[in-house]
Amino acid sequence: MAALLFAALTWQVATDGPLLSPDERLGDAIRTSAIPPGPAEFFADLGNLSVALPVLAVVLAWITWRTRAWRPAVAALVTMALVPALVAPLQSAIARPGPPPMAPETGFYPSGHAATAAVAYGLCVLLLGGVLRTRATAYGCVLLNAAVGLGLVRQGYHWPVDVIGSWCLSVVLLYATAYVLSRWVSRSTRRSSSGTPSC
């Protein structure tokens, strides 16, 4: 579902489809709203690599130390590396103009900051889920990313569809990573039950 929505949004942006007019009106309304710029900037900054990557690194180090397993860290690092590998070419190819504060620059779809936040913090929840097993962590991640997206739009860094498209792409990446991790866990469990040493 997320992949289909991402494809539809990308098609709309690439072809200047009818969705862009209401998207820009909504973006203008949020940007000129009464949402305080200070908190908006704070949450928008949580999508910076300089913030998200250290958070992910701490979680990876702790999980690797606790479980003595290196595969989850490798999967997370590969997933994180896919964010710029996928986002940058799309931004260049589509070249969507940014909101007025960023004009006349182009390359705003999908949002790199929104994707960085969604994947980095989503990976943290995914990896911690096997240890903490609490829904509150997942709900907190959703709320945090909603605040990041709202901050990006409020500060005029992105249009709403830029953010939503990044969320869709991030969901695809996180589901793929969760699938890989589940296969590794299943394989490791089968090996352990059969007495075969596993990595």
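The values are calculated or read from the model by the stated rules, or taken from the named source; none is laboratory data. Remember, it's a predicted structure, so these values are computed and weren't measured experimentally. When we count neighbours, we look across all protein chains shown, and the Cβ atoms used for this are built from the backbone with ideal geometry, even at glycine. The accessibility values were calculated without ligands, DNA or RNA, using every heavy atom of the protein model including side chains. Shrake-Rupley method; radii C 1.70, N 1.55, O 1.52, S 1.80 Å.
In units of the compact-protein estimate 2.2 N^0.38 Å, the chain shows a Cα radius of gyration of 1.12.
Treat region 96-154 as a sphere of radius equal to its Kirkwood radius over Cα pairs and apply Stokes-Einstein at 25 °C in a medium of 0.890 mPa s; give the translational diffusion coefficient in µm²/s, rounded to a whole number. Diffusion coefficient, whole number: 191 µm²/s. In the complete set of protein chains, residue-level accessible area for R183 is approximately 110 Å², probe 1.4 angstrom. Full extension of the chain between S92 and Y175 yields a length gain of 27.3 nm, computed as 0.36 nm times the residue separation minus the alpha carbon distance.
Kindly list the residues of region 128-169 that lie in the label zone of A7, defined by a backbone N under 16 Å from the point 7 Å along the Cα-to-C-beta vector. Backbone N within reach: 168-169. Here's the picture: charge each Lys and Arg Cβ at +1 and each Asp and Glu Cβ at -1 in region 1-119, and of P97, S21, P39 the one pushed furthest to the positive end of that dipole is P39. Each of L144, V171, L128 was scored by the projection of its Cα onto the charge dipole of the chain, and the greatest displacement toward the positive side belongs to L128; charges sit on the C-beta of Lys, Arg, Asp and Glu.
For the chain, what is the relative contact order in percent, using Cα pairs closer than 8 Å and at least 6 residues apart in sequence? Before the final figure, lay out the partial values.
Values: 239 pairs, mean separation 66.7, N = 199.
Dividing the mean separation by the residue count of the chain yields 34 percent.
Computed over protein heavy atoms with a 1.4 angstrom probe, the accessible surface ordering of W159, W70, largest first, is W70, W159. Rounded to the nearest 20 debye, the dipole magnitude of the chain is 1280 debye, with +1 charges on Lys and Arg beta carbons, -1 on Asp and Glu beta carbons, and the Cα centre as origin.
Ranked by accessible surface with a 1.4 Å probe, highest first, in what order do D45, D162 come?
On the way: D45 55, D162 0 Å².
Correct descending sequence by accessible area is D45, D162.
In summary, region 48-104 shows an alpha-carbon radius of gyration equal to 1.59 times the 2.2 N^0.38 Å reference for compact globular proteins.
Give the relative contact order (percent, whole number) for region 63-170; include only Cα pairs under 8 Å separated by 6+ residues. Each step should come with its number before you reach the end.
Values: 109 pairs, mean separation 33.4, N = 108.
Computed over region 63-170, the figure is 31 percent.
Taken per residue, the accessible surface of the chain reaches 53 Å², heavy atoms only and a 1.4 Å probe. By the Kirkwood approach, averaging reciprocal distances over each pair of separate Cα atoms, region 1-84 gets a hydrodynamic radius of 16.5 Å. Scanning the chain for DSSP H helices at least 27 Å long along the axis (C-alpha atoms) with a Kyte-Doolittle mean no lower than 0.5 picks out 71-94, 112-132, 135-154.
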